[in-house]
1. Could you please give the count of residues in segment 126-160 that are over 21 Å from Glu29 (Cα atoms) and of a type outside the set (Lys, Arg)?
2. Of the conditions (1) acidic (Asp, Glu); (2) closer than 27 Å to Val105 by Cβ; (3) in contact with a strand residue (DSSP E or B) (Cβ under 8 Å, 6 or more places away or on another chain), Asp135 satisfies every one except a single condition; which number is it?
3. How many residues does segment 122-136 contain that are closer than 24 Å to Val162 by Cβ and either outside the structural domain of Gly95 (by TED's automatic domain parsing) or touching a Gly at 6+ places or on another chain (Cβ under 9 Å) (or both)?
4. So Val132 fits all but one of (1) under 16 Å from Glu62 (Cα atoms); (2) in contact with a Ser or Thr (Cβ under 8 Å, 6 or more places away or on another chain); (3) surrounded by fewer than 19 Cβ atoms within 10 Å (Cβ to Cβ); what number is the exception?
5. Of all residues in segment 11-55, how many are touching a residue at least 60 places away in the same chain (Cβ under 8 Å) and farther than 15 Å from Cys90 by Cβ?
6. Look at Arg257 and say whether it is of a type outside the set (Ser, Thr, Tyr), in contact with a helix residue (DSSP H, G or I) (Cβ under 6 Å, 6 or more places away or on another chain) and under 22 Å from Gly95 (Cα atoms).
7. Mind listing just one residue for me: the one in segment 135-153 that is on the phi < 0 side of the Ramachandran plot and touching a Phe, Trp or Tyr at 6+ places or on another chain (Cβ under 6 Å) and, of those, surrounded by the most Cβ atoms within 10 Å (Cβ to Cβ)?
8. Could you tell me which residue of segment 60-70 is surrounded by the fewest Cβ atoms within 10 Å (Cβ to Cβ), considering only residues that are assigned to a strand (DSSP E or B) and touching a helix residue (DSSP H, G or I) at 6+ places or on another chain (Cβ under 6 Å)?
Amino acid sequence: MSEAHSRPKLAVWKFASCDGCQLSLLDCEDELLAVAEAIEIANFPEASRAVVAGPYDLSLVEGSITTPHDAERIRDIRAQSKTLVTIGACATAGGIQALRNFADVEAFTRIVYARPEYIATLAESTAIADHVAVDFELRGCPISKTQLLEVISAFLAGRRPVTPAHSVCVECKLRGTVCVMVAQGTPCLGPATHAGCGAICPAYDRGCYGCFGPMETPNPAALDARWGELGADRARRERVYRTFNAGAPAFREAAARIAAADEEES
């Protein structure tokens, strides 16, 4: 058996997405050389046209399910993959395209396409886990390359990846950033958002906008009340939950609760 075929086979798959999370693997640069020595990159169109047939030991899946063909293809990929990890907000929460879940998709299709009858699309953009079993979810828009390397290292070591479950607030404390909500009265999603970005936005005096999705145990109702005290109207509070992670249950429910309260009063 050759050296290449004695290594675990890695496949990287794309669904509805911008490719940013896949490119995070290429952004690893020097670390990528070590990854390539430990794993055979068998199927990764962003990196090479060469394709080694499955089954695959590890599949990284980017993007959400938006068409009937997507739904069929992810089932086939799951069948070929011993371990399947979803990467990024699109794969874990439907992505920005999950905004279709709150609108009339048929109306959008008629407006955008000259021949809408040729378009086969689903009414909703959904996470990979809504269709197949997922072994681990790596959040972010885009994902952290450090966390991605941790996922691959954990796979090679036969253990579960160690990624933070706490909020962005902890990252602010770790880097010595003064809380923008307390000190400046700036609305911030940090208390409800999964850590992983390094608290970049608060470090530059702007509120977190939730690109890593909800933390493990968020309390968006309490956070929403605080945003209201800071003067954010309901339209703004609803909108912040409907961005990259609009389909994540905690954010989806928070937006729906705000919208329902607005309808009751109108």
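The values are calculated or read from the model by the stated rules, or taken from the named source; none is laboratory data. Small disclaimer: the values here were computed from a predicted structure and weren't measured. Cβ: placed from backbone, ideal geometry, glycine included. Neighbour counts: every protein chain shown.
1. 14
2. Status for Asp135: all satisfied but (2).
3. Going through segment 122-136 one residue at a time, the tally reaches 2.
4. That leaves (2) as the condition not met.
5. Adding up the residues that qualify gives 8.
6. Criteria not met by Arg257.
7. Kept after step one, since they are on the phi < 0 side of the Ramachandran plot, are these residues of segment 135-153: 135-139, 141-153.
Imposing the further condition that a residue be touching a Phe, Trp or Tyr at 6+ places or on another chain (Cβ under 6 Å) reduces the set to 139, 141.
Details: Arg139: 28, Cys141: 24.
Among residues in segment 135-153 that are on the phi < 0 side of the Ramachandran plot and touching a Phe, Trp or Tyr at 6+ places or on another chain (Cβ under 6 Å), the one surrounded by the most Cβ atoms within 10 Å (Cβ to Cβ) is Arg139.
8. The extreme case among them is Ile65.
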